[in-house]
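Scroll down for the structure; my scribbles are underneath it.
The values are calculated or read from the model by the stated rules, or taken from the named source; none is laboratory data. Remember, predicted model here, so these are calculated numbers, not experimental data. We place every Cβ from the backbone using ideal geometry, glycine too, and count neighbours over all the protein chains shown. Heads up: the accessible areas ignore ligands, DNA and RNA and are worked out on the full protein's heavy atoms, side chains in. Shrake-Rupley method; radii C 1.70, N 1.55, O 1.52, S 1.80 Å.
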Amino acid sequence: MDLLLLKHLSLIRRLRREHSTVTVAEIKLFFDNIVSYIKNLIYKNEKNDCLDLLTIICDDLASVHTLRLFENSFLINHPIFIYIRRTLEMFLVKSNHLQSIPMTKCEENCFYTISYLISQLCLYRNETIESFYGAISNETFPITDKINIRDETINENSRKSNLIANKPNLKVTCLSPNVSKSRPIEEIEFDITKIPQKRKFPVQMISSPIKTIVEPATLSLLSSDLPLKKYQEIFLTKIFLTKLIRAIDDLSQNEYSPYHVKYKVIDRLVRLYSKLNIIDTLIDPIVKCLCSKFYQQIFTTIESEQFRLNPKQLFFIYQCSHFIIQHEFPQQEQIINLLCPTMIHVTKSIIENILPMDGDEVDSTYYYDRGIALHALSCHLELLNHFSLTSSGRRYFKQSNIIDQMMNILQHNCLIDNACENKELFHADISIIAYSCMLLYNLAYEKQIFSILKQKNLQNIFSKLQSSKDNTLQFVYKTLSTILSHDDIDEENEPMKLKKAYAEYFEKIIIESKHKITLSVLKNIKERDDNVKLRFLNETYLTNLSRDIEHLSTTKYPSNALKYKNVARRVRVVAKQETKEVESLLDSVLECLNSKFYLEVFEKIDLNKTKVTSRAMLTNCGLAAKHIFFMRECPEFLFRHDYEQRKDIANSLGKKMLEYTKTIFEQHLSILIGDEGKENVDETKAARMAALSYHIKILNHFSLIRSIRNEFLSLPIINQILLILQDQSLIDSNGRIADAKIEVVEQALILLYNLGMNNDILSMLRTKDIFNICLKLRLSKDKIIHFMSHFLLIMLNTSVYDDIYDPHLLSKTCIEYIDKSVKEPRQLYQGIKLHRLLKHLEIIVQNDTFNESLAEEKEGISVITKCICVKTLDEKNSDDQKQEIFKKIQQSAVFIIWKLSFYGPTTSTKLKSNDLFIEQILMLLNGNSKKSIQHAKAIIWRLGSEEMIRLEQIHKKKHQRQNQEDITGDDQFLSTDEWDESIPYDVVISYSNNVHDKILTIKIYNRLLSRGYRVYSEKQGKHRLELMKKAIGKRKPILACLSSAYRASKVCMAEVEYANKNSSPIIPVIVEVKYKIQGWLKHIIGGKNPIDLTQKNFNDELLEVLEEIEKTKSLD
């Protein structure tokens, strides 16, 4: 078995490649080995080798890429698929007796994966694709008897290619007329090694077809020896269908766990039959499932925080109902008679279970948490709508109180408000309102119900729906309003006409809105980039959110109450928006942080009792919703929006946080120190560590204020932080820090770094063991700990810049910090100010290894230059304090750039290509800072003279204007990226990158194309010379577009010299006015008279070029 799996893995890896080389013969041989293994396997109770093997194989083969060769008669008729089908049939039978014979885990896995492979094979369509050159034909002719009929572009009379695909008939090219005919196809014995590989690919793979070889000699044998089948004929037999029906019947009678594999497999198989439109025999068991007690009970099992339907709910609520809705059955009347009374009967209990009762006070967030339950209700209402489309179905509604139930739904104001705010039908609140209105206007075509609806007060509902943004809601309420505006109803089956009108209405909307999509996307991107407030952040939304935040600052709820979760989510969203409207929430957030609840959540740590994903566990560390709201969300909002009143807030809230620190550290610091710190970290400990890191982060924020830094001198906080960092249990025997402790260590190091701005504290730190602590911590693989340890070392001792551990990681982290900080209005990131970071970076760049790493970083140079341009990027912030910060940032950045400019010519090239940077450097030469002027002059000296730099800037702007004018012209240059061996090029064009040269070269290129010539031209890039050498190596004529820029270009001269050495014909043309060929270039082109294409008679001169090309072709 192990050997089989090794072969399987090798085969799968090759099949999954974009250009696979696997043949049908290889797959057949592998299948033969599997069948042989299964036949010869000795059964043992303790082993499931056969099932394990089938599970692995089916799971891997079910992907789209691996199915590309399976539409082959040899594979379709292989016995392995019979084994797979019978295995699934066996599991279907066993699944009906699970109470007495439960499935093992191995059997469940095999049951699931086999159904997956069968579904993929039956639905997969491996259709032949017409290539660019014409359709593929299996018919073969002798090479001199007939033209290539595969090429539909060839005119049979003239045997000349048309202009669309101008190419010769490859089957007769270079062959004399009297060549003997090819050997006719002989009847030979079939050979498995000659299995053809027909070019058949699925529609979605047109862009990357696999090059395969078709062996015509065996095509006729295929069609005659083996029957042509479809996979659904092999798998979906009558016996299989009978067993599937029994399995569905079993689901209507017996109950299993919600995530049982049987629900998943039956759901998949029902969906498969539905897509293949094999539906008539399945309708009876589906109806039984909908009429069973489980359908009504399943709605009661949906939990408030559930974010998706489990397999059992999905099967009963969605799959069964949509199986009825999506198809038309011969026994439609019988289905309605069976289902309609049951569905109407259970509607009331379903609505009462999902929607709040009358008199319950709920807000809009209630519906957010019940989203999946609302979706389930919309599926039920959609099924009711389906029954209401016919008169036979509507008569059952007349005997019920369904009208009152729909009116109760439409009277939920918060539900309607949410529906009006959203815009897509897949929102559950929209679909519920829409299907409720649809059901009412369908039933209105019964006179009895019409008269009842006329007496109801629906105008209030209509007025609310007028503001809806969704087109469905607009259609349904207007339709219902129009129907009820009439005095009488007398048309039968009108709902069917409305259904058609509804489809036409949306078809028109989609067509009209198509041309707006691109503009809408661009607008949304611009809004995000400019930090424009989101559409839902209107005054009402923010007012309601402010009220909810204030409410949580005064009212106590259980730790895992949904109220905390909902408000925290909304605060997290709005915190990212830099607008004055959002900043109005700051007062409400401060009330929460100043309230008694902030300290209470630290005094009693509660865990999240609901099931969370692994990702959520990493970010929340299992803390309850209340703790996350007070510890994380409120402080994060404060960090982003308090910069205009930070000092005032620090003097009040900052001092209170310092007082709280004593209590918090006394309660939680012990888990990181001493014997308790050596113990394993469980879920409770991890939550306490996360809480501790959140509080230290707040201290970090306030430590940026000078008055608060002074307060630390009289408090034991610094010594307590040092206890954490120097504890022996912090780093294990492998030199690693536990994941739960990393965040605490990160925040502790940042706090010490920020406090070091105070000279007294810095002097105190130098007396402690912090230097040796940082030497150990810098070995950490965590990038922030590694980064902060180095910067703390530099802060403590500026002479240690020579000793840097992993300079590549440090440079990468520096670039990340600078890039994030320079984009922020406050010029800080992760609690570190940009100007302070750059000040210490000035020292570190004196390390040559680090300097080299920083210069080689992909975005290294560009990110540092942003710091020099920061004044330009943020001109609106013009107060004195900010200007002083910008000045410090700029001075440090200029020094760092000067140090980087010594590292190779690549750095100079990057700097010279940045126009904004050059302008700023030139401006600094006229500035007031002597230090900046000195470093700016040094940079200019490295890049060239000031006069030359200014001249280059003028020329560059001039060329940019010319390029913009050129782009608007009709002649667009189409360049080839790489030499294509399959294309018989007629000429290779060589040109310089000069703007004026390119204008004329583009004109020549397009004229040659219009005349039917295949022209190869390589764009300006790193590998141009290598690719042009490939092209010239084919001895094709080279059209050299000569000019002074061409002569000055080393690449161009290398190309024409290489062509001369390889005896490739050179056709010289002049593309610069009054240019004369002299010296070495004249020698290379062999003294030929160049064709001057700069003259007025361009067309006449171009004819000479064409004649030269034809001469070289005739010589070839």
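Looking at Lys656, Lys685, Lys662, can you tell me which residue is closer than 21 Å to Glu633 by Cβ and part of a helix (DSSP H, G or I)? Give the steps one after another, and end with the answer.
Details: Lys685 fails: closer than 21 Å to Glu633 by Cβ; Lys662 fails: closer than 21 Å to Glu633 by Cβ.
That would be Lys656, the only listed residue that is closer than 21 Å to Glu633 by Cβ and part of a helix (DSSP H, G or I).
Reported count of residues in the range 637-650, each being assigned to a helix (DSSP H, G or I), open to solvent by less than 70 Å² (accessible area, probe 1.4 Å) and more than 28 Å from Asn608 (Cα to Cα), is 4. Here the range 463-492 is the region considered, the condition is being polar (S, T, N, Q) and surrounded by 15 or more Cβ atoms within 10 Å (Cβ to Cβ), and the residue that is farthest from Ser431 (Cα to Cα) is Ser481.
Taking the conditions exactly as written (within 13 Å of Asn385 (Cβ to Cβ) and in the same structural domain as Leu389 (by the TED database)), does Ser436 satisfy them or not? Lay out the reasoning, then the answer.
Working: within 13 Å of Asn385 (Cβ to Cβ): yes; in the same structural domain as Leu389 (by the TED database): yes.
Answer is yes for this residue.
Scanning the range 432-457 for residues that are closer than 13 Å to Leu383 by Cα and either out of contact with any helix residue (DSSP H, G or I) (no Cβ under 9 Å at 6 or more places or on another chain) or open to solvent by 10 Å² or more (accessible area, probe 1.4 Å) (or both) yields Tyr435, Met438.
Step by step: first the residues of the range 94-146, then only those that are among the basic types (Lys, Arg) and open to solvent by 70 Å² or more (accessible area, probe 1.4 Å), then the one that is modelled with the lowest pLDDT. Which residue is that? Before you say what the answer is, go through the steps one by one.
Filtering the range 94-146 down to residues among the basic types (Lys, Arg) leaves 94, 105, 125, 146.
Pick out the ones that are also open to solvent by 70 Å² or more (accessible area, probe 1.4 Å) and you get 105, 125, 146.
Numbers: Lys105: 87, Arg125: 58, Lys146: 40.
In this case the residue turns out to be Lys146.
Looking at Gln334, Gln232, Gln253, just one residue is touching a residue at least 40 places away in the same chain (Cβ under 8 Å), open to solvent by 10 Å² or more (accessible area, probe 1.4 Å), outside the structural domain of Ile118 (by the TED database) and farther than 30 Å from Ala561 by Cβ, and that residue is Gln232.
Take the range 1-37 and flag every residue that is in contact with a Leu (Cβ under 8 Å, 6 or more places away or on another chain), modelled with pLDDT of 80 or more and of a type in the set (A, V, I, L, M). Within the range 1-37, Val24, Ile27, Ile34 qualify. For Tyr477, indicate whether it is modelled with pLDDT of 80 or more and of a type in the set (Phe, Trp, Tyr). Here the answer is yes, as Tyr477 does meet what is asked. Name the single residue, out of those in the range 694-728 being of a type in the set (S, T, N, Q) and part of a helix (DSSP H, G or I), that is nearest to Gln747 (Cα to Cα). My answer is Asn700. A single member of Glu591, Glu633 is assigned to a helix (DSSP H, G or I), at pLDDT 85 or above and open to solvent by 50 Å² or more (accessible area, probe 1.4 Å), and it is Glu591.
Scanning the range 900-907 for any residue that is modelled with pLDDT of 75 or more, assigned to a helix (DSSP H, G or I) and farther than 30 Å from Ala1059 by Cα turns up at least one such residue.
Quick check on the range 209-216. Is at least one of its residues modelled with pLDDT of 90 or more and among the acidic types (Asp, Glu)? Lay out the reasoning, then the answer.
We begin by selecting, within the range 209-216, every residue modelled with pLDDT of 90 or more; these are none.
No, the range 209-216 contains no residue that is modelled with pLDDT of 90 or more and among the acidic types (Asp, Glu).
When the range 44-84 is filtered for residues that are modelled with pLDDT of 80 or more, of a type in the set (Asp, Glu) and within 30 Å of the chain's Cα centre (by Cα), only Asp59 remains.
Is the range 298-313 home to any residue that is part of a helix (DSSP H, G or I) and in contact with an Asp or Glu (Cβ under 7 Å, 6 or more places away or on another chain)?
As a first pass, look at the range 298-313 and keep what is part of a helix (DSSP H, G or I): 298-300, 311-313.
Next, only the ones that are in contact with an Asp or Glu (Cβ under 7 Å, 6 or more places away or on another chain) stay: 311.
Looking for residues that are part of a helix (DSSP H, G or I) and in contact with an Asp or Glu (Cβ under 7 Å, 6 or more places away or on another chain), one finds at least one in the range 298-313, hence yes.
Looking only at the range 1049-1066, decide whether some residue is crowded, with 21+ Cβ neighbours inside 10 Å, under 22 Å from Glu1110 (Cβ atoms) and either of a type in the set (Ser, Thr, Tyr) or modelled with pLDDT under 80 (or both). For the range 1049-1066, residues crowded, with 21+ Cβ neighbours inside 10 Å, under 22 Å from Glu1110 (Cβ atoms) and either of a type in the set (Ser, Thr, Tyr) or modelled with pLDDT under 80 (or both): absent.
Does Glu361 satisfy the criteria of being modelled with pLDDT of 85 or more and of a type in the set (Asp, Glu)? Write out each step before concluding.
Working: modelled with pLDDT of 85 or more: no; of a type in the set (Asp, Glu): yes.
Answer is no for this residue.
Would you check if there is a residue in the range 1089-1102 being closer than 21 Å to Ser1010 by Cα and among the aromatic types (Phe, Trp, Tyr)? For the range 1089-1102, residues closer than 21 Å to Ser1010 by Cα and among the aromatic types (Phe, Trp, Tyr): present. The set of residues in the range 390-416 being under 42 Å from the mean Cα position of the chain (by Cα) and either charged (D, E, K, R) or farther than 20 Å from Tyr445 by Cβ (or both) consists of Asn408, Ile409, Gln411, His412, Asn413, Cys414, Leu415, Ile416.
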